[in-house]
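Have a look at the structure below before the remarks.
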């Protein structure tokens with residue numbers, strides 16, 4: 001089945017540690033996105049990539065980093081510089097600009 | 001600036017009753033509009049989309065939405081709600097920049113009474 005796979009589903013991190021969230025898609029989509037979801041705030045864009053080896057900052061990129069070495073993969077690293085990292089993180093992909101996005105099942109990150 | 005507003009944070013309806021979730025957008029051109037549904041702890045599932053053409057669009061699970069340009073609205077409707085429809089619903093518009101990112105409303109949480 002085609003889709004987007006995020007792992008792990010739950011992640012716990014100690015303060016001061018970096019952590020990487022995985023996102024893999026087999027939909028052959030060029031565009032991939034990372035969103036952060038907090039209660040009552042909807043979804044906010046962290047980073048996006050429209051093509052392999054290229055990515056751009058979204059609205060809340062500070063404290064995060066990404067890579068896009070393969071079309072299928074778009075991992076997100078939450079660094080120790082992110083002041084409030086506890087949130088639900090959603091990865092999405094789309095064929096291109098203006099088309100619908102398909103979402104993974106999300107990763108819930110908790111800083112302890 | 002582009003934006004999406006969902007005026008209702010939480011709505012409760014009785015099972016079998018009709019449903020309408022409101023969505024208003026701000027956009028400078030013809031918008032690409034979407035409704036997504038999210039169950040607790042899950043990702044988002046696309047219910048329906050509007051790109052152009054017929055202003056009444058049909059989606060999955062018996063949902064429909066009507067695009068009204070004059071009111072800048074894209075309200076979601078269902079004639080008869082089922083208990084399994086309880087979830088959070090997000091309206092979104094595709095941006096013409098930032099890689100076509102989706103701009104989401106704050107979401108409306110739907111509760112269904114037996």
Give, as ranges by residue number, the residues of the range B:21-55 whose backbone N falls under 14 Å from the point 7 Å along Cα→Cβ of residue B:8. B:21-24
Using Cα pairs under 8 angstrom and six or more residues apart, how large is the relative contact order of the range B:23-104, in percent? 32 percent
Mean Cβ neighbour count within 10 Å, used as a protection proxy, ranking A:34-40, B:33-39 highest first: B:33-39, A:34-40
Nearest 5 percent is fine: what portion of the DSSP beta bridges confined to the protein assembly as shown is antiparallel? 90 percent
Rank these for me by crowding, B:23, B:91, going from fewest to most other beta carbons within 10 Å. B:23, B:91
For q = 0.10, 0.17, 0.23 Å⁻¹, Debye-computed log10 I/I(0) when each Cα of chain B counts as one equal scatterer: -0.27, -0.77, -1.36
Exercise: per-residue mean of other protein chain Cβ atoms within 10 Å, A:89-101: 5
If you take every DSSP beta bridge whose two residues both sit in chain B, what share of them, in percent to the nearest 5, is antiparallel? 85 percent
The protein assembly as shown: Cα Rg divided by the 2.2 N^0.38 Å rule of thumb: 1.01
Sorted from largest to smallest, which semi-axis lengths in Å does the alpha carbon gyration tensor of the range B:69-114 give for its equivalent ellipsoid, taking the root of 5 times each eigenvalue? 27, 14, 8
What's the Kirkwood radius of the range A:1-74 in Å, using all Cα pairs? 13.4 Å
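The numbers here are math on the coordinates, done by the rules we state, and not lab data. Predicted, not measured: the structure shown is a model, and the values here were computed from it. Glycine gets a Cβ as well: all are built from the backbone with ideal geometry, and neighbour counts include every protein chain shown.
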